Structures are given as C-alpha cells and as structure tokens.
Amino acid sequence: MATSTSFGGVNSGIQTSILNGTVNAQFHLPPVRPETPPTPLSTVPFRRDPEFVDRGTLFDQIHEKGSVPGSRIALVGLGGVGKSQLAIEYCYRVRDQSPETWVLWIHASNATRIEQSCRDLADRLRIPGRQDPEANVFKLLHDWLNDERKGKWVLILDNLDDEKSLHTPSPVVPDGLGNDQSGTPGRSIWAYLQENLNGLIIITSRSRRVVSRMVEDSDIIPVEPMDETHAITLFEKKLGAQAASEDVIQLTAALEFMPLAIVQAAAYIKQRLPRLSVTQYLETFRRSDHQKTSLLQYEGGQLRKEFPTVFFEMRRRRNTKYAIFSVSNEDLRMDASDGESSASDSVVDKFEDDILVLKEYLLISISPDETKFEMHRLVQLAMQEWLRAHGQLEKWQGQFIRILYSKFPLGTFENWPRCQLLFAHVQNAVAHQPDTKDLLGEWISLLQQAASFALTRGNFVDSRRMAHKAAIGQAKLFGPDNKKTLDSFEMLGVAYILGGQWKQAEELQLQVIKTHKQVLGPEHPKTLTSMNNLASIYQDQGRWGEAEELGVQVMDTHKQVLGSAHPDTLTSMNNLASIYRDQGRWGEAEELGVQVMDTHKQVLGSAHPKTLTSMNNLAFTHWEQGRWKEAEELEVQVMDTRKQVLGPEHPDTLSRKTRSAVDELVFLCAYHTTSELLGYRQPDYIGSMVLEFGFQLVELFYLLLEFKFILFELGFVVFNSKLLLFEVKVQFTTS
C-alpha cells in the first residue's frame, strides 16, 4: 500500500501509525510572493474618543511647530494629564484632513517595546527585508522614513520617560561577523529615527529632561491639567447624566483637574447611578485624606487620589485576577492570563469579569483587536501599593511568574515573535525571586529559557544577567554540586564566551570542570563537555597549546568511552579540527573534518543539521587551502539542503544564502587580516571578535563587495604575502 503525504505549507516531517508499504513524503516550499506596497495608513493602536474635549490652543501649537517637514516636538506633562489622548486625537485629525499622510505609532516606554513597535511597523508597511532575522529593523525603518517617494508622515513616540530607551545602543542582530545591517555598531535607536526630512515626530513624555536631548526647548509643549471649564465639560461628557454643578466643580477641583482621574471618577459614578451620586462620591473621596499623603509623593500623584475608593470597591468583588497587571505594565495577551485552568469555563468567565471591571475604570487600555491589555505605569504603582497594604503583593507576583513560566516558549526560530513579546515581562520578573521552593524552580527555568533566547538574538547583557540569577537560584535550591546547578553555570559560561569575556568564562569553566570531576568522574560526558568548552576558551584567546592538549584528551576519552561514531565524539573531533585549522595545520584539520563528515552521513544522514555543519567546516578548510572548487561544491550542497529541510526563511538557510563564493572570500579576508592585527584567530566566535576589534575592517570589505572592481584595483594591499592565494581577480571579475 503506497501512501503519499502532502502538507499545505512548509513541511517539517510526517507522522504515521504502523504502515506496511512505501511511504512517500512530498515537500512543497511556499513560493516567494512579491508584496504590494500599502497605501497610506494609520497604525494608531487606540480608538478615537468620541467624547474628547478640545483644550483650545494645544492643537494650534502642535500644528504651528509641526508645519515644517522634519520637525520634532514634544508633549510634556504629568502622568494622566492627557498627553497620549492629545496625540491620538491629533493623529485622527491628520488622517481626516490628509488621507495621503502616513500616521505611525511607537510605544516608547522602554527599548524592548520600541523594538517590537518598529518590527510591527515594518510588517504593516511591508518593508522589504524585514523577514530576514539578521535584518536591522531600525535601519529598515530609517530608510523607509527617508524615502521621499513615500510622502508625508507623522510618527508618535508615546510614553518616552526613560532616556536610555532611545539613547542606548540599539539591539544588534549579528550576521556572522558581528555587523548590524547598518554597518555602524552600537548606533542608538534615536540616531536612526531623528534623521528625516519628510515627516513630523511627536514625543509624549513626563520628563522635560528626557526630551530636551531630542527636541529644542522652543518645540516642547507643556501639557498642564485642564482648566475648570474644560474639566467640568469632560466630566459631564463621561458621566452622561445631569449633576449638581457645584458638586461637579468641587469634585473636578478635588481631582486637581487631571483628565484621567476625572474620567475614572465619572466611570465609577456612572456605573452606580442613581444609587451613588456625585455628592456621595465626593464625600467618600474626601474621607480618604490619610491615603492622599502617600499617593501625592510620586510626581505630584494627582492621578491616584481617586484610586483608594476604586480599589476598595474592587476588593469587594469576587474576582481579583486584575491584580496580575500590577506586576508588569507591558502588553499582556488574553491567553497569557489563564494560568490555572484554561479548560474551565468558570475560570474564563471570571477572567472576563475582571477585565470588564478594569475596563470600566479605564485602568487598562485594550488594543483594537482586544487581544492585548496595557496598564498605565502610575496606575500600576498605585495598585502595587494597594496590594502591599493588603498583604497580597507577593501572592500576585508569584502568580505573574507562574503564568509567564507557562507561556514563555523555547527560543526556537519559529517562537521568536512570541519570545520577543514576552521578553520584557521576564526582565521584570528577574527582580522578583520567589521564596517558595516550587515557585523558585519555575522562576529559574523561566530565566534559563529567556537567557537562551537572548543569546540567540545577540543580547549578551540580559543573557548573562538572567543566566547568573538562574545559576545562583539553582545553587540555593539544589546545592552547588547538583547537576542542575552545574548546567546553569555552563549556560552562564556560554554567555561569557559569546560576549567575549574570556577571563570570567575561564574561571567559571575551571570550577565547573573541577566539580564535574568530583561529582561525576573524569570520563562522564558532562565533564568532557566542560573540558571541550574550556578548550574553546583557550582557542578563542590564541592559546593553541593548551587548547590542543585538552582537545586531544577529550577526543581520545570520548572514543574510549562512547565509541568513534558517537555524536559527542564527533563533536570533539570537529573541535580539534578547528584548533588545527587555526594553526594552519590544514592536513590534520582536513583529515579530521572528512572523518566527521563521513560518519555523520552514515549515522545521521546527509540532511541532518550536524552533517551540514561538518560539511560547512570542511568547506572552510578547503577555502583556507585555496581549493575553491571543492569548497564551493560543499557550500552549495549545504545551502540547498538547508533550504529544502529547514525552509527558505530559517536563519541557518539565510546565513548560507547570503554567503556566496565572493562573500566567503571577503569573510576570509576579514578573518585573516583581523588575525594579523590581533595576533590570534578565533573562527568559532569570529563574530564577537570582529564586533569588538575589527568592525570597521569588515565594513570596508562588504563595501568593496558591492564594488568589486575597486577591490581588485586595490590589489589586496591590506594583506601580506601569506594571502597571495586570494589573487583570483580574473575569476571574480567575470563572475
């Protein structure tokens, strides 16, 4: 019985029960479809407020200061004063008056949210190249904004309260040489966004100091609390019912004319009419004087004077899962809040009731598709104080960690978008180490998964911080000699290595090896893996003798204990071949490389990732020997197989696709020249080295790659006589 199995999209494999006969799997790669550029649109993530109150001159100031292309202005004021609402209304008015103008929105509360917003914009604008995991999204957006063919645009940077969000170096996605796609390492996010002549940038912020670095003082528009007339108008619109004018005047004055506080008070009263009047609400509010002092301490605190009344009412409600929002004020998805029993209808109903309560008081904002919630930062702080006062803060911090642990996926390529969405929450969770054993274990596992994801994205700082916290937590939970503890320290060591912190990596690895030998024995696979890692550390520093000694020892032990065909044995052989290759011992490197490749093919098959890696390593050796044709044949095989097995969008496929024969030549030129300058080489971690010491050199090579005739006119003057093997000018001139 013959069976043909086809999948509609990308195929990752087939699953069958017991079948007698031939099973044929047909793999169909999705065609690359050209995208039609979108027409001018708005990405404002909030609905227009039909009850918005125009405060007179503010819009006139925005229009006047933003009338010149390339303008940058800032709306600055206390939290809850209505800066974002002004920006939202302005965006809708722009679209009403000029539908051909693009209106773009970036959540700017921190660098992670900025990056995610920029990625979302790249998707909405269908910017070519955005799907490449190695692409610099900030550079892509920069180029789009500066393209005069796109027309006029307005860009909102909302809630920019931390200057580090825009002025620290942008996240760099390594391309194998330590480059970001802009060719400039460590450029701040603001450096990408500020260069424009086509549009208007509007920043909302609580801090005049923060925006003064980006906007001229004359272009900063202060947003103050409303005057009495506008405050009363806003309250009456939101209440939707008649009330004694004197009571309304007194209540808006008691709320210090803060728009958000007024809106929340009106919502609270409206829900309870006619049982609760404005007068009764005002009396209740005034009785909370002992709460006001503490609430006023943070940036004036006008917004939170009304919260004790609201929280007291919410406490009487049966459902209290809203408290989870007090721990993190970033986007939370609806499905992420189902931490206990997603299959239970009663739990879902309770959750929806909680969201309704939060929505009624406008304590959260909900995205247009109603799948994400966000809580204002000041509201979050107020809720934290309330929970702490009622002895519930630790409980909800624990619930936050448990939900996040259950929802944060493995950091594989297909999970990157979700990992990126949740990563900001893990950054918040780092500071909330639990005391209970069960919860501590989940917290540690969460940090380990997030640290691993951060490593894949080149975020070594967060990776080290999370891996270190996880390792310390494991030691506390299981003891310093436990296997899980040692595994955590191994991950921390990898973070040190990839970050180029050789001293810390070596010290940590020596301690891990010592403990592994004592606990597991000198021939245990974990011990040998640790020794292999130490050999890599020596290799990366050019300490060839020490690296080779350890490499040979590990390989021989693996052969004796596990056999010549075991994956760990092949890994150690491959590592030793790399050490030989770094010393120019091509024959020995090739001999080991061929053995590894042939064994992988026999044991794992020609399409296995480890087989492809060994083929790639052998191709690298051939390149070093000047055996161009053999190297190219292997490279083509690797690229084609990865495309078939992994798909065209997988990072491994893209990394090979972007490295043609000429790319390989340029890569090796950069590698050799950097080695000459530094006195050592490190192929396994060439990206980190070049990023730190040779970035400008690599940038030059890629510039010359685009203008090959210049490369040949230079005659490779940057190389010494040892690099004469690269004189293949005729071949590449005619290619």
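Taken together, the values in this text are just the output of simple stated rules run on the coordinates, not laboratory data. No experiment lies behind these values; they were computed from the predicted model shown. Quick reminder, even Gly has a Cβ in these numbers, built from the backbone with ideal geometry, and neighbours come from all protein chains shown.
The range 532-610 and the range 60-100 have Cα centres separated by 61 Å. Taking other C-beta atoms within 10 Å as the exposure proxy, Phe52, Phe460, Phe400 rank Phe52, Phe460, Phe400 from fewest upward. Comparing Leu486, Ala454, Val430 along the charge dipole axis of the range 414-644, the residue lying farthest to the positive side is Val430, per the Cβ-charge model. Residues in the range 513-540 near a label at Asp481, defined as backbone nitrogen under 12 Å from the 7 Å Cα→Cβ point? Those under the cut-off are 515-521. Note on Glu163, Glu374: ascending count of other Cβ atoms within 10 Å places them as Glu163, Glu374, the fewest first. Across the range 587-594, computed HN-Hα scalar couplings (Karplus, 6.51 cos²θ - 1.76 cosθ + 1.60, θ = phi - 60°) run x, 5, 5, 5, 4, 5, x, 5 Hz from first to last residue, x flagging Gly and Pro. Residues Lys610, Lys270, arranged from fewest to most other Cβ atoms within 10 angstrom of their Cβ, appear as Lys270, Lys610.
Residues within the reach of a label modelled at Gln97 (point 7 angstrom out along Cα to beta-carbon, backbone nitrogen below 12 Å), restricted to the range 48-91, are 59-68, 90-91. Applying D = kT/(6 pi eta Rh) to the range 414-644, where Rh is the Kirkwood radius over alpha-carbon pairs, T corresponds to 10 °C and eta to 1.306 mPa s, the Stokes-Einstein value obtained is 83 µm²/s. Charge dipole (Cα centre; +1 on Lys/Arg Cβ, -1 on Asp/Glu Cβ; no other charges) of the range 57-222 amounts to roughly 200 debye. With r as the distance between the Cβ atoms of Arg627 and Arg213 and R0 = 60 Å, compute the FRET efficiency 1/(1 + (r/R0)^6) and round to 0.05. Efficiency for this residue pair is about 0.65.
Take each peptide in 531-543, 242-254, 550-562, count the other Cβ atoms within 10 Å of every residue, and average; sorted highest first, the result is 531-543, 550-562, 242-254. In this structure, Gln420 and Thr229 have a Cβ-Cβ separation that, at R0 = 51 Å, corresponds to a calculated FRET efficiency of about 0.65.
Measuring r between the beta carbons of Gln280 and Gln392 and using R0 = 30 Å, the FRET efficiency lands at 0.65. Per-residue 3J(HN,Hα) values for the range 51-59, derived from phi via the Karplus relation 6.51 cos²θ - 1.76 cosθ + 1.60 with θ = phi - 60°, read 10, 4, 10, 6, 8, x, 7, 4, 5 Hz in sequence order (x marks Gly and Pro). Between Arg33 and Val636, full extension at 0.36 nm per residue minus the direct alpha carbon distance yields a gain of 214.7 nm.
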